[in-house]
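See below for the structure under consideration.
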Amino acid sequence: MAADLAVTRLDAGLVANDRDAALAFWSDLLGFPVLGEVSFPGLTVIRLGVGDAVLRIVVPEQPAEHLASQGGFLRQTGLRYLTLQVRNLEAIYIAAKERGYPTPHAPREIRPGTWAAQIEDGAGTTVELQQVDDVA
């Protein structure tokens, strides 16, 4: 049976042991505004706006004992990366590199008129940035 979507977007969530480091990457570097947060017994969920979607950062009171592998999305199975369609790929890539975030793939043309780069949040999540050249 196919899902009967009530909302036609995919929201995502990630678990972060370090609240400040997560917000430094997702909110400060990428500019996703904090929409709010709510605490439950044992955890806090911070909601960030990503265009029409929502990224939920779950911060457990007791740090998660199993950490995601770092060093690129091919290091383990499962949901490993998110793709953002942006208009300022080069600027984000440079800012991430200057702030010391892992930058496994520099901007490159992956097909005519489409550029891609990869940055990482330092906790195991890869973000693929894609930019499509403006068509005149």
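Numbers for the structure displayed
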read-out	value
Residues with amide H under 5 Å from that of LEU43, placed H, sequence gap 5 or more	GLU61
With Cα atoms, 0 to 90° folded angle of helix 89-98 axis to the chain main axis	60 degrees
Gain upon complete extension [ARG108, ARG9; 0.36 nm per residue less C-alpha separation]	32.9 nm
Leading residue at positive end of dipole, the chain (Cβ point charges), from GLY49, PRO112, TYR93	PRO112
Where trypsin sites (Lys or Arg not before Pro) fall in DSSP loop in the stretch 52-111, at most 15 other Cβ within 10 Å	ARG80, ARG87, ARG99
Label assignment, volume of the Cα convex hull per residue in Å³ derived from the structure, set (1) 111; (2) 164; (3) 96	(2)
Relative contact order %, the chain, counting alpha carbon pairs below 8 Å whose residues are six or more apart	20 percent
Net dipole in debye of the stretch 10-64 [+1 Lys, Arg Cβ; -1 Asp, Glu Cβ; about Cα centre; nearest 20]	80 debye
DSSP loop GluC sites (Glu not before Pro) with at most 16 other Cβ within 10 Å: longest gap in the chain	66-136
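Values in this text are rule-based calculations from the coordinates and carry no lab data. As the structure is a computational prediction, the values presented were derived from the model and not from experiment. Using ideal geometry, Cβ is built from the backbone for each residue, glycine included, and neighbour counts are taken over all protein chains shown.
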